[in-house]
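Asker: Would you mind keeping the following structure in view while I ask a few things?
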Amino acid sequence: MAIDRAGLNALMEITSRPELIFVRGQGSWLEDQTGKRYLDFMQGWAVNCLGHNAPVMIEALMRQANTLFNPSPAFYNQPSIDLARRIVDASCFDRVFFANSGAEANEGAIKLARKWGQLHRKGAYKIITFDHSFHGRTLATMSASGKPGWDKKFAPQVDGFPKANLNDLNSVRALIDDQTVAVMLEPVQGEGGVIPATREFMQGLRTLTRERGLLLIVDEVQTGMGRTGRLFAYQHSGIEPDIMTLGKGIGGGVPLSALCAREAVSCFEHGDQGGTYNGNPLMTAVGVAIFDTLTAPGFLDSVNARAQQLSDGLNRLSSKWGMKGERGAGLLRALIMDRDDGPALVKAARERTPEGLLLNAPRGNLLRFMPALNVSADEIDTMLLWLDELVTQVRR
């Protein structure tokens, strides 16, 4: 299949893309327009929690497509009720608002916290976030993010997001003033380099926010829905946040996200929050199928087994090549290299023949691994074998 260059040029230029077009996928594998197959350890940046074209998702989508697409969010629909009930029953939260992307869910969390501040903290609006954090690409979520250089893009930023240092409770404490309403963080900073917040820090943050009358918001767009080996990453720390956002894995590849809150924080008035497609039954029906798969007996045990296998394999590679180890949680992991050849390895992996490998390098000295949660042991072994060969090739 020849590439339609006029068609490529019709798309707005927003990132550098290789000249290949993916045409089909199954599980951990993608196929491009030439028929070449790729072992996918990116999965849409941790989106495709059940891999490509999961049968359970297709079945749910087709079944719902034959009954109801979109009745309008002005009315209830059964799949959104079913998914909300599942999330509430499995978490410490009482209310759920469905949206279309992680950024939209995080934007909703910011609005909810500010609304709560208007009602309960004399108009306090500041939300402490963290250096190297990533919360989305709307103006507010970019302002909340601590990604280097983003404070200059689309300036001026939205005010009210002072930045602390992850795993440094004193840096949070120093930023609290009478205008502070919340602290917001990713339990594992994904774009920042797969940096986990420690259990001690999460517990200290919960204690500090309660002492000071602040909300604690966990951005679980990347870590939620089984990615870290628990259904939600905050559960590793034994705490209960006030607000949580979900995205990526909750839809498994369809546009779906969620803003979850405890009853005492759910203070939106009618008209404060909405969206044309929020709670769309087509998407939430898929979400129900994914949720039931992830919570089936033994599924998360398998995730943790594969996570240990991946961690052990990356540590062996690190020792062999004199790298600096690996880190992460569950099946969100990073290999910390001793030099900045991450981009070269990503390119070599993609161009590998006869079959390619899809990897991600959020930083020059880092490779990030986000396979499907149902990735097989053989597929992890294959990836590790190929990666060892690729390091040999790149460092030759």
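Asker: Using the alpha-carbon atoms, what tilt in degrees (0 to 90, nearest 10) does helix 55-65 show relative to the longest principal axis of the chain?
Answerer: 50
Asker: What net charge do the residues around residue 124 carry, taking every other residue with its C-beta under 12 Å from that of residue 124, with Lys and Arg at +1 and Asp and Glu at -1?
Answerer: +4
Asker: Now, a different point. For the chain, report the % of Cα-Cα distances exceeding 26 Å.
Answerer: Tail of the P(r) past 26 Å holds 54 percent of the pairs.
Asker: Still on this structure, I have one more. When we measure straight from the Cα of residue 122, which lysines land under 21 angstrom away, once same-chain ones fewer than 8 places off are left out?
Answerer: 111
Asker: Relative to the present Cα-Cα distance, how much length would full extension add between residue 165 and residue 393 at 0.36 nm per residue of separation?
Answerer: Extending this stretch completely gives an extra 78.4 nm.
Asker: Then there's this: Lys and Arg at +1, Asp and Glu at -1: add these up for the other residues within a Cβ distance under 13 Å of residue 29 and post the number. Present the calculation step by step, with values, prior to reporting the outcome.
Answerer: Details: positive: 24, 36, 37; negative: 31, 32, 40, 355, 378, 379.
Local net charge: -3.
Asker: Further question on the same structure: Using a basic spin-label model with each label point 7 Å from the Cα along Cα→Cβ, how many nm lie between residue 89 and residue 24?
Answerer: 3.7
Asker: Can you work out the FRET efficiency for the pair residue 70 and residue 353, with r the C-beta to C-beta distance and R0 = 30 Å, to the nearest 0.05?
Answerer: That gives a FRET efficiency of 0.10.
Asker: List, in order, the whole-Hz ³J(HN,Hα) value for each residue of the range 120-130 obtained from phi through the Karplus relation with A = 6.51, B = -1.76, C = 1.60 and θ = phi - 60°; use x for Gly and Pro.
Answerer: 10, 9, 6, x, 4, 9, 6, 10, 6, 10, 10
Asker: If you fit an axis through the alpha-carbon atoms of helix 342-351 and take the longest principal axis of the Cα set of the chain, what angle between them do you get, 0 to 90°, nearest 10?
Answerer: Between helix and principal axis, roughly 50 degrees.
Asker: If you don't mind, there's one more thing I want to ask. I'd like the Karplus ³J(HN,Hα) series for the range 98-108: coefficients 6.51, -1.76, 1.60, θ = phi - 60°, whole numbers in Hz, and an x wherever there's a Gly or Pro.
Answerer: 8, 9, 10, 8, x, 4, 5, 5, 5, 4, x
Asker: Is the C-alpha gyration tensor of the range 17-166 telling us rounded, prolate or oblate? Criteria: a/c under 1.5 is rounded; beyond that, a/b larger than b/c is prolate, otherwise oblate.
Answerer: oblate
Asker: In this model, which of 36/147; 126/152; 36/324; 248/320; 36/248 are farther than 24 Å apart at the alpha-carbon?
Answerer: Numbers: 36/147 35 Å; 126/152 20 Å; 36/324 33 Å; 248/320 34 Å; 36/248 26 Å.
Over 24 Å apart, Cα to Cα: 36/147; 36/324; 248/320; 36/248.
Asker: Still on this structure, please answer the following. What relative contact order, as a whole-number percentage, does the chain give when Cα pairs under 8 Å and 6 or more residues apart are counted?
Answerer: Details: 797 pairs, mean separation 87.1, N = 396.
Computed value for the chain: 22 percent relative contact order.
Asker: List every residue whose amide H lies under 5 Å from the amide H of residue 52, counting only residues 5 or more places away in sequence or on a different chain, with H placed 1.01 Å from N in the peptide plane.
Answerer: HN-HN under 5 Å from residue 52: 26, 27, 28, 29.
Asker: Okay, moving on. On C-alpha positions alone, give me the angle between the axis of helix 78-90 and the longest principal axis of the chain, in degrees, nearest 10.
Answerer: Helix 78-90 and the main axis of the chain meet at about 80 degrees.
Asker: Near residue 153, which lysines are there with a Cα under 18 Å away, not counting those fewer than 8 places off in the same chain?
Answerer: Straight-distance partners of residue 153: 163.
Asker: Skipping prolines and chain starts, which residues have an amide H placed within reach, meaning under 5 Å, of the one on residue 333, given they are 5 or more residues away or on another chain?
Answerer: 369
Asker: From the phi angles alone, apply the Karplus equation (6.51, -1.76, 1.60; θ = phi - 60°) to the range 160-170 and give each ³J(HN,Hα) in whole Hz, x where the residue is Gly or Pro.
Answerer: Listing the rounded values in order: x, 10, x, 10, 9, 9, 4, 6, 10, 5, 5 Hz.
Asker: Farthest toward the dipole's positive end in the chain, which of 278, 148, 266, given Cβ charges of +1 (Lys, Arg) and -1 (Asp, Glu) about the Cα centre?
Answerer: Final value for the positive-end residue is 148.
Asker: What number, in percent, do you get for the relative contact order of the range 24-119 if the mean sequence gap of Cα pairs under 8 Å and at least 6 apart is divided by its residue count? Can you show the working numbers first?
Answerer: Working: 47 pairs, mean separation 14.0, N = 96.
Normalised by residue count, the contact order of the range 24-119 is 15 percent.
Asker: Next up: For the range 1-94, just say rounded, prolate or oblate: build the C-alpha gyration tensor, square-root its eigenvalues into a ≥ b ≥ c, call rounded for a/c under 1.5, and beyond that prolate if a/b exceeds b/c, oblate if not.
Answerer: Note, shape of the range 1-94 comes out prolate.
Asker: Dipole size in debye (nearest 20) for the range 62-111 around its Cα centre, Lys and Arg Cβ +1, Asp and Glu Cβ -1?
Answerer: It works out to roughly 100 debye.
Only the coordinates and a few stated rules stand behind these numbers; no lab work does. Computed from a prediction, not measured in an experiment: that's the story for all the values here. As a convention, Cβ positions derive from the backbone with ideal geometry for all residues, glycine included, and neighbour counts pool all protein chains shown.
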